[in-house]
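Novice: Handing you this structure, nothing more for now.
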Amino acid sequence: MIHETEGGVCAARGFQAGAVRCGIKASSEKDDTAVIWSEVPCAAAAVYTRNRVQAAPIQVTKAHLADGRAQAVIINSGNANACAPDGPENAKREGKACASLLGIDENDVIVCSTGVIGQRLNIEALEENLPKLTLSPEGSGLAAAAIMTTDTVPKTMAVEFTAGGRLCRLGGICKGSGMIHPNMGTMLCALTTDCAVSSSVLQEALRKKTAVSFNRVSVDGDTSTNDTCCILANGMAGNEEITSMEGADYEAFAEALETVCVALAKRIAADGEGAGRLVTCTVSGAADEEKAERLAKAVCSSSLVKAAMFGADANWGRILCAMGYSGAEFDPEQVDVSFSSQAGELCVCRDGRAVDFDEEQAKEILSQPEVTILISLMEGEASVTAWGCDLTYEYVRINGDYRT
């Protein structure tokens, strides 16, 4: 049984976090660097952006995680350290500065950065000010706020579950608002657990659960250069180490991981740059999950669908259009489409054709903070949900002056 709990990335035993303003972006007065630390070394894993242009911190982190072990994560905002002068060297220096602060091996530090691409990271400011950072078991909120860029709210989640007869916790923080698109669901995310899990199982479980959570989010169709989702497992819950992707203990851990990842993914979608509402798309009745996922992603990624959601316009033709170019095979004449929200549910298309519906009722349904597009294919049992948001004028304003 999974229960939501407090504490975010510090919910699990033995984890602390903190944040400090290093002045990486001179114009910003907020904390810009976060550190997450475990009292003991951890099994660790990560997945990354599939963008061919990958930031220097990803290169460094991949090298540090080659042995499947880590003990800390450092994340800076304000500068992506991507396509930047001295990128790899500065990423290494960032990891070394974190290791020095914590008294651990620099190879046990996961390094992440987010912010403007193509500008040199002010590593000297980070090295000078990082020693001022204070860690705390209550530091998750500070860390979640420090890693924000265009996000409007911190994103955090934690749950409790049982494995091997021991109470375990799994929590995380993430940032993401723009440059969000499937193929690693563009963001930075740090997850922690006190459940004992081998690094090989962690890696495969993380790959599987990001595929059904962060990889099903789209805000704007852009995939970033820095996306990283990492997880640390320190084993301090005292359960027997999970070394196989079978059995009740693994299933409990996997369910907890998916619960946290899906919750954070939805919060990213809801906080899309300039977004006014969270848009959920569920495709059911598909012949297989791959087809359902391809269709749901296409609908959530469509700029025209997003624009219709912004205008609370029940333009279901844009949904079928997006389905049609998704690359998935389906019969357009066996598609039903409905809109749903806290204001009710309304069918707008049956068997690929228009049905009479009340436009005012449709507008009321589509004007709510959370709207669901329900698509039925009537060809099988598979169902997949993806998440997105509306496309607003504010998105253009934010990205028109992002660097300044």
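The values are calculated or read from the model by the stated rules, or taken from the named source; none is laboratory data. Not measured: the values here are computed from a predicted model. Cβ placement follows ideal geometry from the backbone for every residue including glycine, while neighbour counts extend to all protein chains displayed. Ligands, DNA and RNA are excluded from the accessible area calculation, which covers all protein heavy atoms including side chains. Shrake-Rupley method; radii C 1.70, N 1.55, O 1.52, S 1.80 Å.
Novice: Just to be sure I understand the model, the point goes 7 Å from the Cα along the line to the Cβ. What's the resulting Tyr325 to Val153 distance in nm?
Specialist: Going from the Tyr325 label point to the Val153 one covers 3.2 nm.
Novice: Select from the stretch 114-164 those trypsin sites (Lys or Arg not before Pro) which occupy a DSSP coil region and have at most 12 other Cβ atoms within 10 Å, ordered by residue number.
Specialist: Filter output for the stretch 114-164: Arg120.
Novice: Once ligands and nucleic acids are excluded and a 1.4 Å probe is used, how much of Asp358 is accessible, expressed in Å² to the nearest 10?
Specialist: Asp358 has an accessible surface of roughly 80 Å² with all protein chains in place.
Novice: Identify which of Lys175, Lys306, Lys208 has the largest mean-square fluctuation in a Gaussian network model of the chain, with springs joining Cα atoms closer than 10 Å.
Specialist: Lys208
Novice: Need one value: the accessible area of His3 in square angstrom, 1.4 angstrom probe, rounded to the nearest 10.
Specialist: The value for His3 is about 100 Å².
Novice: Have a look at Glu106, Glu360, Glu293 and tell me which one the Gaussian network model of the chain (Cα, springs below 10 Å) gives the largest fluctuation.
Specialist: Looking only at Glu106, Glu360, Glu293, the largest GNM fluctuation is found for Glu360.
Novice: Per residue, how much accessible area does the stretch 248-404 show when a 1.4 Å probe rolls over the protein heavy atoms, in square angstrom?
Specialist: Accessible area per residue: 45 Å².
Novice: Under 14 Å from the Cα of Lys266, which aspartates and glutamates turn up, not counting those fewer than eight places away in the same chain?
Specialist: Correct list for Lys266: Asp151, Glu258, Glu370, Asp390.
Novice: Could you compute how much accessible surface Leu374 exposes when probed at 1.4 Å, giving the result in Å² to the nearest 10?
Specialist: 50
Novice: Going Cα to Cα from Lys92, which lysines come in below 21 Å? Please leave out same-chain ones fewer than 8 positions away.
Specialist: List returned: Lys25, Lys62, Lys132.
Novice: Given Val262, Thr225, Cys83, which one lies farthest toward the positive end of the charge dipole of the chain, if we put +1 on the Cβ of every Lys and Arg and -1 on the Cβ of every Asp and Glu?
Specialist: Checking the options against the dipole of the chain, the answer is Cys83.
Novice: Using a 10 angstrom cutoff on alpha carbons, build the Gaussian network for the chain and name the most mobile of Val201, Val348, Val53.
Specialist: Of the options given, Val53 has the highest mean-square fluctuation.
Novice: Relative contact order for the chain using alpha-carbon pairs under 8 Å, separation at least 6, rounded to a whole percent?
Specialist: It comes to 17 percent, rounded to a whole number.
Novice: With charges set only on the Cβ (+1 for Lys and Arg, -1 for Asp and Glu), what does the dipole of the stretch 23-73 come to about its Cα centre, in debye to the nearest 20?
Specialist: 340
Novice: Spelling out what I want: for every residue of the stretch 15-23, take phi, set θ = phi - 60°, compute 6.51 cos²θ - 1.76 cosθ + 1.60 (Karplus), and round to whole Hz; glycine and proline get x.
Specialist: 10, 10, 8, x, 8, 8, 8, 9, x
Novice: Something else about it: Any chance you could list P(r) for the chain, counting all Cα-Cα pairs in 10 angstrom bins from zero, rounded to whole %?
Specialist: Spelled out per bin, shortest first, that is 5, 23, 30, 23, 13, 4, 0.
Novice: Considering the dipole of the stretch 1-69 built from charges on the beta carbon (Lys and Arg +1, Asp and Glu -1) around the Cα centre, which of Ala26, Gly7, Pro57 is farthest to its positive end?
Specialist: Pro57
Novice: What distance in nm separates the two pseudo spin-label positions at Glu246 and Ser28, each 7 Å out from Cα along the beta-carbon direction?
Specialist: Reported label-point gap for Glu246 and Ser28 is 4.7 nm.
Novice: Projected area of the stretch 1-118, taken from the Cα convex hull and averaged over every viewing direction, in nm²?
Specialist: So the Cα hull casts an average projection of 8.7 nm².
Novice: Continuing with the same structure: Cβ neighbours within 10 Å, averaged per peptide: list 237-244, 8-15 in order, most packed at the top.
Specialist: 8-15, 237-244
Novice: If the only charges are +1 at each Lys and Arg Cβ and -1 at each Asp and Glu Cβ, what is the size of the charge dipole of the chain around the Cα centre, to the nearest 20 debye?
Specialist: It comes to approximately 1140 debye.
Novice: Once you order the gyration tensor axes a ≥ b ≥ c over the Cα atoms, which shape class does the stretch 239-327 get: rounded for a/c under 1.5, otherwise prolate or oblate by comparing a/b with b/c?
Specialist: oblate
Novice: Roughly how big is the stretch 7-136's charge dipole about its Cα centre, with Cβ charges of +1 (Lys, Arg) and -1 (Asp, Glu), in debye to the nearest 20?
Specialist: 380
Novice: When you take every Cα atom in the stretch 51-110, what is the radius of gyration, and what is Dmax, the widest Cα pair distance, in Å?
Specialist: Radius of gyration, then largest Cα-Cα span, for the stretch 51-110: 11.2, 34 Å.
Novice: If DNA, RNA and ligands are ignored and the probe is 1.4 Å, what is the ranking of Asp108, Asp249 by accessible area, most exposed first?
Specialist: Order by accessible area, largest first: Asp249, Asp108.
Novice: Further, regarding this structure: Given the stretch 29-86, what whole percent of its Cα pairs are spread farther than 13 Å?
Specialist: That tail contains 68 percent of the Cα-Cα pairs.
Novice: Can you tell me the length gained on complete extension of the stretch Lys132 to Ala63, counting 0.36 nm per residue apart and subtracting the Cα distance?
Specialist: Roughly 22.1 nm would be gained on extension.
Novice: Apply the Karplus curve 6.51 cos²θ - 1.76 cosθ + 1.60, θ = phi - 60°, to the phi angles in the stretch 154-162 and return the couplings in whole Hz, x for Gly and Pro.
Specialist: x, 10, 8, 6, 8, 9, 10, 7, 10
Novice: Indicate the helices, whole DSSP H runs only, in the chain that combine a mean Kyte-Doolittle hydropathy of 0.0 or more with a Cα extent along their long axis of 30 angstrom or more.
Specialist: Helices passing the filter in the chain: 248-270.
Novice: Would you mind telling me the share, in percent, of accessible area of the chain contributed by carbon and sulfur at probe 1.4 angstrom?
Specialist: Accessible surface attributable to carbon and sulfur in the chain totals 47 percent.
Novice: If you don't mind, another one. Name the residue farthest towards the positive end of the dipole of the stretch 246-404 from the options Ala312, Tyr393, Gly247, assuming +1 on Cβ of Lys and Arg, -1 on Cβ of Asp and Glu, about the Cα centre.
Specialist: Result: Tyr393.
Novice: In what order, largest first, do Ser340, Ser38 sit by accessible area if the probe radius is 1.4 Å?
Specialist: Reading off the accessible areas and sorting them downward yields Ser340, Ser38.
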